[in-house]
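Have a look at the structure below before the remarks.
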């Protein structure tokens, strides 16, 4: 009878320890879940920032291309003005008094 009682008490202790460990595992799983949610939220924020940066970089690229096109037009106009100035100088030089 004593053995049975001792065995029962040991079983209760083992069950209590198992329950305690199970609660600890459950708590740690909850901690991990919370960390996973934090990581997921941070990842979403980073994705939004990267998408915004991508849009901004594309706009900068477009503006840069427009700037290059405008510069090329300006260079063509300068070359044309230089030719016209040279031609005007020739015409003025041809009228000597």
Condition check: out of contact with any helix residue (DSSP H, G or I) (no Cβ under 9 Å at 6 or more places or on another chain), in a helix (DSSP H, G or I) and either modelled with pLDDT of 95 or more or surrounded by 10 or more Cβ atoms within 10 Å (Cβ to Cβ) (or both). Does residue 90 satisfy that? no
From the option list 53, 81, 63, 71, single residue qualifying as over 33 Å from the mean Cα position of the chain (by Cα) and either surrounded by 10 or more Cβ atoms within 10 Å (Cβ to Cβ) or part of a helix (DSSP H, G or I) (or both) is 81
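The values are calculated or read from the model by the stated rules, or taken from the named source; none is laboratory data. Values in this document were obtained by computation on a predicted structure and should not be read as measured data. Virtual Cβ from ideal backbone geometry, glycine too; neighbours counted across all protein chains shown.
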